Number of protein chains: 2
Amino acid sequence: MPRPSSFADAIVLLSGGLDSATVLAIARARGHRCHALSVDYGQRHRAELDAARDLARAVGAASHVVVPMDLRGIGGSALTDPGIDVPETPGSGIPVTYVPARNTVLLALALGAAEVRGAADIFIGANAVDYSGYPDCRPEFIDAFRSLARLATKAGVEGAEIRIHTPLIQLSKADIIRRGTELGVDFARTVSCYQADAQGRACGCCDSCRLRAEGFRSAGLPDPTRYV
Amino acid sequence: MPRPSSFADAIVLLSGGLDSATVLAIARARGHRCHALSVDYGQRHRAELDAARDLARAVGAASHVVVPMDLRGIGGSALTDPGIDVPETPGSGIPVTYVPARNTVLLALALGAAEVRGAADIFIGANAVDYSGYPDCRPEFIDAFRSLARLATKAGVEGAEIRIHTPLIQLSKADIIRRGTELGVDFARTVSCYQADAQGRACGCCDSCRLRAEGFRSAGLPDPTRYV
């Protein structure tokens, strides 16, 4: 893949978690002028959004937009529906913390933002290794979205391409942590926990906490996560 | 295409305009239990949402959800950005009233709602004839979204299919008006105008008003639109 020209605008989906913080640092390191995009989708772990704002500044995003989008009317996920508990023991199959069609919605918004900005590059921290069984983290899903993007946009109609970058897709959590550390990401600022408290402190019990803690152990790096 | 079984759940994207009202009536006539889905995306013509609520009841939707999603931070469209005027003379190419990636976002939300409801059918009023140059109204865009839907969802992972229906895609505005009239849609309840007033009365000047008025003329049917 050709290296994008310096200062080319890019849209970076930024949740405030460990993965997307690393993706933002990667996009910056590739010379992009980064426009961070977060979605306030009524998630329980609202400290994530505070972390996203903090990270956008710390990693040097040129701008940061939070799009309010209330998915609670649709429901169906422990992350947005107060009637479903976040599980503290790993289950099999697709977990209840799956937000229906989340990456499709996120990429659609990023596509809109890319059109408005005239950006040709979108970065998302999708990961198919530690992906907890979410269907929209798989490479074949991303490829289908690439095909869609070519047909969905003014740029596509006019013959340009909007590139969807997934630099983490084949990395283990430990690899992601190593890569982010090399790039100077301060992981203490990131929030991964599905039920973090208002200060962004992690429960240490949910699937996301387990994966993260195990990642630091495997990487042989100290875990800076703030636990309750 | 096989006729869906009676009372099968369907998600119907309902803007409150003439097209989506007709689509809801078509989905009902095919025997679906319809869950109407509207998006409050900060559009100027907010009377559309009131019309959507009214139509959901009048046409007999089983439920209606309005998802708040504020796209004004992304901007880029005369429909959501107060800094861009709605044009009153037709231009060439893609108009400024194009909302970036709108149908991608709408279909993504519908896909999420379909997953939560266990619905196998999604209806959208996309139209490639009077489409005003919007790239995401074309059949090839819809086909790309169908491919995406197979890969994006639990249902797809488990081998089921979510069908995307576009019953209006090849119809002229006059055809849509005739079809809706046959099905008893009260078009006086629908709002198409890009700058309707708070009572849903149309300006009569914008592209959308022109297309609609011309549709009633071509269909040889009285135009029940309420103008300012």
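The values are calculated or read from the model by the stated rules, or taken from the named source; none is laboratory data. Remember, it's a predicted structure, so these values are computed and weren't measured experimentally. Here Cβ is always computed from backbone atoms with ideal geometry, including for glycine, and neighbour counts include all displayed protein chains.
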Among A:Arg138, A:Arg150, which is free of Cβ contacts under 8 Å to residues at least 24 places away in the same chain, under 26 Å from A:Glu214 (Cβ atoms) and among the basic types (Lys, Arg)?
A:Arg138
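Could you please find all residues in region B:102-135 being among the small types (Gly, Ala, Ser), closer than 15 Å to B:Arg163 by Cα and in contact (Cβ under 8 Å) with a residue 60 or more places away in the chain?
Here is the first cut: in region B:102-135, the ones among the small types (Gly, Ala, Ser) are B:108, B:110, B:112-114, B:118-120, B:125-126, B:128, B:132-133.
Applying the additional criterion that residues be closer than 15 Å to B:Arg163 by Cα yields B:108, B:110, B:112-114, B:118-120, B:125-126.
Correct list: B:Ala110, B:Ala113, B:Ala114, B:Gly118, B:Ala119, B:Ala120, B:Gly125.
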Residue set B:Gly184, B:Gly220; condition surrounded by fewer than 18 Cβ atoms within 10 Å (Cβ to Cβ) and touching a residue at least 60 places away in the same chain (Cβ under 8 Å); output residue B:Gly184
When every residue in region B:135-168 that is in contact with a Leu (Cβ under 9 Å, 6 or more places away or on another chain) and β-branched (Val, Ile, Thr) is compared, the one surrounded by the fewest Cβ atoms within 10 Å (Cβ to Cβ) is B:Val157
So is A:Leu171 surrounded by 22 or more Cβ atoms within 10 Å (Cβ to Cβ) and either within 10 Å of chain B (Cβ to nearest Cβ) or under 12 Å from A:Asp19 (Cα atoms) (or both) or not?
no
Does region A:204-215 contain any residue that is buried (at least 21 other Cβ atoms within 10 Å of the Cβ), touching a strand residue (DSSP E or B) at 6+ places or on another chain (Cβ under 6 Å), free of Cβ contacts under 8 Å to residues at least 40 places away in the same chain and not hydroxyl-bearing (Ser, Thr, Tyr)?
no
Any idea how many residues of region B:103-134 are part of a helix (DSSP H, G or I), surrounded by fewer than 23 Cβ atoms within 10 Å (Cβ to Cβ) and either touching a Ser or Thr at 6+ places or on another chain (Cβ under 8 Å) or of a type in the set (A, V, I, L, M, F, W, C) (or both)?
1
Would you confirm whether any residue within region A:136-156 is assigned to a loop (DSSP other than H, G, I, E, B), over 13 Å from the mean Cα position of the chain (by Cα) and more than 10 Å from chain B (Cβ to nearest Cβ)?
no
Taking region A:12-47 as the region of interest, how many residues are small (Gly, Ala, Ser) and touching a Ser or Thr at 6+ places or on another chain (Cβ under 6 Å)?
4
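So, B:Gly156, is that one under 24 Å from B:Ala8 (Cα atoms) and at pLDDT 80 or above or not? It would help to see each step written out before you state the result.
Numbers: under 24 Å from B:Ala8 (Cα atoms): yes; at pLDDT 80 or above: no.
For B:Gly156, the condition - under 24 Å from B:Ala8 (Cα atoms) and at pLDDT 80 or above - is not met.
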Would you mention how many residues in region A:157-168 are more than 7 Å from chain B (Cβ to nearest Cβ) and either closer than 18 Å to A:Ser20 by Cβ or without any contact (Cβ under 8 Å) to a residue 12 or more places away in the chain (or both)?
8
